[in-house]
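Have a look at the structure below, then the notes.
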Amino acid sequence: MPDGMVIREGSTDILVPELHSSGGPGKIQGGVFFNEQMAFNRDVSVMFLRAVGRELTVADAMTATGSRAVRIANEVKCTQVTANDISPDTIPYIEANISMNNLQNCVASNRNLHSLFADEAFDYVDLDPFGSPVPFIQSAILGCRKKGILAITATDTAPLAGAHAPKCRRRYQSEPVRGYMCHEGGLRILMCSIARELAKFDRGMKPLLSFYADHYFRTYIQIEEGAEKADKMMDQLGYMEYNMETLERSTSKHYDSIHKYGPFWLGPLHDQEFVSRMDATGMAAEKRCRKYLDLWKNELDTEVFVYDMSELSSYIKKSPAKLADFIELLNAHGKASPTHICPTSFKTDLPLKDVLSLYIDASPDSKS
Ligand SMILES: C[S@@+](CC[C@H](N)C(=O)[O-])C[C@H]1O[C@@H](n2cnc3c(N)ncnc32)[C@H](O)[C@@H]1O
């Protein structure tokens, strides 16, 4: 058994290196990576796969200690899991974790994922790289069986959210948007880049769950087969305008002199019926899981990106109402909801002029 400490996540024991990350983006300390803060991310995988509710072969392609793989094998019924990592240093941890949890349905694998997926295909493929997943997406698609599911994390938040635009252009061939909508923009650029890879194989996608949390983006995609599905998917890519002076924003299927951010995925982020089947009971971060499930389930999925209360208050120069009260007011005139992207942001289908005039009405300054 390699050196380390045992932590319990969900109902699974995991041996991890003594020296590991406990927050932030996480970095390798010692030879093998583990980040305690990603427990929530692993919880979501468990809840997600339980909600799929059918027998699945799973490849956790970049598993490090095997933490996600052994949690899935232990906590999701009817899964056959391959816990793969290119680094030989990870194998003693993966093997210890398989035997510590008495798992018959999990095997350790020490391969470059590109060669693994050239040989074998799975119902569910998980990519969790350091930084950008872009170099691995084509192989992951090849490694996904017909109508399989792809789950992809991106931790290169700075390029995707526009803090490093040249890198976003290089990696994702998209123009990122800055400001309050940068995280929604980053998530939708990641999804667009996956869509464009799928299209090359005449495959389409239906997102089941997509989110931004802590320092990363994550999306779970149901692959759809055939050129028609791929075309339908491509129709959901597009561009946006955002004028920081006027707060004007809109989307367009085509690039023009106004709509120059993107391309983004402009389709839904989640399948809300699917999300409503997910259950947080017994998760490591149960309270947080419940909060996010509630947000995802009720999040309005409009093409127009989030508004933020701070954005409106600095434009109107009046104090904001409470977000919940303001959303209630917006809902009396159209549709609106909180968003998981940021606790001070919301989504609405109302036009900007209505949002602004209702903001003025709702401001505590207007009542004094
Ligand atoms: C961020 S860590 C994964 C963390 C892990 N999923 C968890 O939840 O703890 C990324 C891992 O990808 C592995 N990796 C990098 N390139 C790879 C490749 N081409 N094939 C397989 N694994 C690779 C690294 O060795 C590293 O362990």
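Readers should treat all values here as calculations from the given coordinates under stated rules, not as data from a laboratory. All values derive from a computational prediction rather than experimental measurement. Please note: Cβ atoms are built from the backbone with ideal geometry, for glycine as well, and neighbour counts cover all protein chains shown.
At a glance:
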{"item": "Within region 70-92, considering residues that are touching a helix residue (DSSP H, G or I) at 6+ places or on another chain (Cβ under 9 Å) and of a type in the set (S, T, Y), the one farthest from the ligand (Cβ to nearest atom)", "result": "T79"}
{"item": "Residues that are within 8 Å of the ligand (Cβ to nearest atom) and not basic (K, R), drawn from region 40-65", "result": "N41, D60, A61, M62, T63, A64, T65"}
{"item": "Answer from G186, G162 - the residue that is touching a residue at least 12 places away in the same chain (Cβ under 8 Å) and within 18 Å of D301 (Cβ to Cβ)", "result": "G186"}
{"item": "Which numbered condition E241 misses (of (1) in contact (Cβ under 8 Å) with a residue 24 or more places away in the chain; (2) more than 17 Å from L269 (Cβ to Cβ))", "result": "(1)"}
{"item": "Residue check for R71: touching a strand residue (DSSP E or B) at 6+ places or on another chain (Cβ under 8 Å) and not in a helix (DSSP H, G or I)", "result": "no"}
{"item": "2 or more residues surrounded by 18 or more Cβ atoms within 10 Å (Cβ to Cβ) and touching a Lys or Arg at 6+ places or on another chain (Cβ under 6 Å): qualifying strands (runs of 3 or more DSSP E) within region 199-301", "result": "203-213, 237-242, 261-265"}
{"item": "Subset of region 348-361 [surrounded by fewer than 19 Cβ atoms within 10 Å (Cβ to Cβ) and farther than 14 Å from V306 by Cβ]", "result": "P351, K353, D354, L356, S357, I360, D361"}
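Here is a yes/no grid of residues against (1) more than 9 Å from the ligand (Cβ to nearest atom); (2) among the hydrophobic types (A, V, I, L, M, F, W, C); (3) touching a residue at least 60 places away in the same chain (Cβ under 8 Å):
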residue: L103; (1), (2), (3): yes, yes, no
residue: A118; (1), (2), (3): yes, yes, no
residue: D123; (1), (2), (3): yes, no, yes
residue: P129; (1), (2), (3): no, no, yes
residue: I137; (1), (2), (3): yes, yes, yes
residue: I141; (1), (2), (3): yes, yes, yes
